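No value in this document is a laboratory result; all are computed from the given coordinates. Here the structure is a predicted model, which means the values were calculated and not measured. Don't worry about glycine lacking a Cβ; one is built from the backbone with ideal geometry, like all the others, and counts go over all protein chains shown.
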Amino acid sequence: MSVAIQTFGTFRFFFPEEDWAESFNCYEVQRSRFGEAGPWEDLHELNGYAPASFFLSPLVSYDVDGLTLELLVNRVTTVVVQFSGTSLGDVMQAFNSSMPSVLVASAASGVVSTLEVGFASSILATPSDAWTKLRKAQTFFFGTAACPALVSGQEAYVFTDPAAEPGWYYRTRYRNRATGATGEWSIAIEPTANVGVDPAELIKGVLFVTDPRGLPVAGVMVFLDVEADPTNPGMLPMQIQQATNDLGYVGILVRRGVLATLAIAGVPAARKIRVPLTGDTFDLGDPSLSTQPDAYRVQVPDIKVGERRSM
C-alpha cells in the first residue's frame with residue numbers, strides 16, 4: 001500500500017487489489033495524538049459506527065452541586081453544563097438539559113454520548129473542579145466508524161479526519177470482517193499538506209518479478225532513486241523502496257515526468273528511466289523508458305560484415 005496527502009487531514013490511500021483480494025475485505029485506520037510511536041487510537045470498528053462517549057459509574061455520588069463544566073462537542077459546539085444535585089440522575093439531567101441537540105445522557109447506562117456517530121464526533125472537556133469530581137482523568141473522547149470496504153477494481157481510497165491537528169500521526173492496515181484476520185500496519189504518516197503531492201501528478205509504476213521458471217518471487221526489494229527536479233524546488237531527491245508481494249508484484253507511486261534509477265536486489269545492473277507523463281500506470285521494466293542503453297539486456301554490437309566476393 002502507499003499514500004498521498006491531498007490536503008491537511010485528507011489522505012488518498014492506494015491499495016492494490018493483488019495485495020488484499022484473497023485475504024481481506026476492508027481497511028482500518030488508527031490515529032496517534034502523541035507522536036509516531038503512539039499510543040494509537042482505533043478510528044474504525046468492525047461492529048459499525050459509534051458516538052463519542054464517556055462513562056460515569058452509577059455506584060457513587062458526585063460532589064458537583066453548583067459547579068459548571070464546559071465541553072467542546074464535535075469540535076464546533078461549546079456546551080456549558082450547570083450541575084444541581086449529586087446523584088447520577090441529577091448529573092445526567094444536567095447533561096441532557098445543557099444541549100439536547102448534540103448530547104444525550106442515560107442514568108440507566110451511565111453513558112454520556114454525542115448524537116453524531118463516527119470519528120468526526122468528539123467530546124473535549126475543559127479541565128475544572130467539576131471534571132475532577134466526575135472522577136474522569138481523560139479529557140478527549142471520539143467516536144468510531146465502520147471499516148471501509150475494499151472494492152474490486154478500485155485502487156484509490158480517500159480518508160479524512162476532520163479533527164486532524166499538526167503533530168498527529170496515522171497508520172492503516174487490511175482486515176477481514178468475517179475472520180478478524182489483519183495485515184501489517186503501515187508506517188506512521190503525518191498529515192502535513194506541504195509534504196504531499198497532488199494525486200493528479202502521480203502515476204504508479206508496476207513490476208512483476210519471476211524466477212527462471214516464470215513463478216513469482218516474493219520479498220525482492222525494488223529500489224527507485226528519484227532525482228531532484230531543477231524546475232520544481234520542492235521536488236527533492238529521494239529513494240523509494242518496496243518489496244514484492246506473494247504474487248511477485250510491486251507498485252510504486254512516483255511523480256510524472258521525473259528521472260529515476262531503477263534497481264532490483266540481486267540484479268547487478270541498474271536502469272535510468274524517464275517516468276511517463278500520461279496514463280494511470282506504467283511498466284517499470286519497459287525498456288522504452290530507458291534514457292541510456294538498456295543495462296538489463298545483453299548488448300549486441302552492430303558489426304559491419306564485409307561482402308563476400310567470388311573468385
Nearest 500 deg cm²/dmol is fine: what mean residue ellipticity at 222 nm does the chain get from its DSSP H runs of n ≥ 4 alone, each adding -39,500 (n - 2.57), divided by its residue count? -1500 deg cm²/dmol
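How high is the FRET efficiency from residue 240 to residue 137, r the C-beta distance, R0 51 Å, rounded to 0.05? Working shown, then result.
On the way: r = 43 Å, r/R0 = 0.84.
For residue 240 and residue 137, the calculated efficiency is 0.75.
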Taking 8 Å as the Cα distance limit and 6 or more residues as the minimum spacing, I'd like the relative contact order of the chain as a percentage. 19 percent
Between residue 187 and residue 115, how many nm apart are label points set 7 Å from Cα along the C-beta direction? 4.4 nm
Backbone N within segment 68-97 under 18 Å of label point (7 Å from residue 106 Cα along the Cβ vector): 88-97
How long is the chain along each principal axis, judged by its Cα atoms, biggest number first, in Å? 124, 45, 28
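Once R0 is set to 41 Å, what does the formula 1/(1 + (r/R0)^6) return for the Cβ-Cβ distance between residue 154 and residue 86, expressed as a FRET efficiency to the nearest 0.05? Mind showing how you got there, number by number?
Working: r = 54 Å, r/R0 = 1.33.
Using R0 = 41 Å, I get an efficiency of 0.15.
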Quick check: the angle from helix 88-98's long axis to the longest principal axis of the chain, C-alpha only, nearest 10 degrees? 70 degrees
If the viscosity is 0.692 mPa s and the temperature 37 °C, what Stokes-Einstein diffusion coefficient in µm²/s follows for segment 199-289 when Rh is the Kirkwood radius over Cα pairs? 241 µm²/s
May I have the extent of the alpha carbons of segment 5-85 along their three principal axes, as whole Å values ordered from largest to smallest? 60, 32, 24
